[in-house]
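Notes to accompany the following structure.
The values are calculated or read from the model by the stated rules, or taken from the named source; none is laboratory data. Everything numeric here is computed off the predicted structure, so don't read it as measured data. Neighbour counts run over all protein chains shown; Cβ positions are idealised from the backbone, glycine included.
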Amino acid sequence: MRHTIIAVVILLATVSSANAQTRHSLTSSPRLWATVDACRSSASGDVVGLRGSMPGGGNDSEQMFMSFELQYRNAQERWQTIPGGTALVSVGSARYASRQAGRDFNLASSTAAGTVLRGVVSFEWRRGHVIVRRVRRATTAGRAPSAGASPPGYSAARCSIS
């Protein structure tokens, strides 16, 4: 009986450790990123595109979600969120190695001129309605967005509207 209890304790510790490693590996994965994939100005308005990538853990029972927010640097050099971000968007099952999604923000040219902008993407992995892990990432440069970049392949940490 004592050996059975010890075996169960070891098994539970191993499963707990494996779950912690999966959580850590997903939130520190190179497949977890956010980038500015469009930054263009026109007479009809300015467009800032954000794109995110998140890794799946190979688990069919988990779903992955992202939300996007645009921020500007205020006079005190602090990042302020611009109202109008997205609610959580489903990007699919966590059985996939990674998934990407994006959002374009349309701004009036007169309000965006001279403004430095960046994005923040929130990532969630869920089982049903239960959040099993959550992380946020600010945009960085040097990513390889697979779709929606303008021009193709564009990736930046920030966007300056002129």
* Structure fact -> With the first residue restricted to segment 62-91 and required to be over 14 Å from VAL120 (Cβ atoms), and the second required to be part of a strand (DSSP E or B) and of a type in the set (Val, Ile, Thr), Cβ contacts under 6 Å at 6 or more apart or on different chains are MET64/VAL91
* To do: Quickly run through segment 125-147 and pick out the residues that are under 17 Å from ALA157 (Cα atoms) and modelled with pLDDT of 95 or more.
  => ARG136, ARG137, ALA138, THR139, THR140, ALA141
* To do: Go through segment 93-103 and give me each residue that's surrounded by fewer than 16 Cβ atoms within 10 Å (Cβ to Cβ) and either charged (D, E, K, R) or assigned to a strand (DSSP E or B) (or both).
  => SER93, ARG95
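Here is a list: ARG143, ARG118, ARG136. Which entry is within 30 Å of SER61 (Cα to Cα), charged (D, E, K, R), out of contact with any Pro (no Cβ under 7 Å at 6 or more places or on another chain) and outside any loop (DSSP other than H, G, I, E, B)?
Just a single option satisfies the conditions, and that option is ARG136.
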* Got a sec? Which of ARG118, ARG158, ARG133 is under 22 Å from LEU26 (Cβ atoms) and of a type in the set (Lys, Arg)? -> ARG133
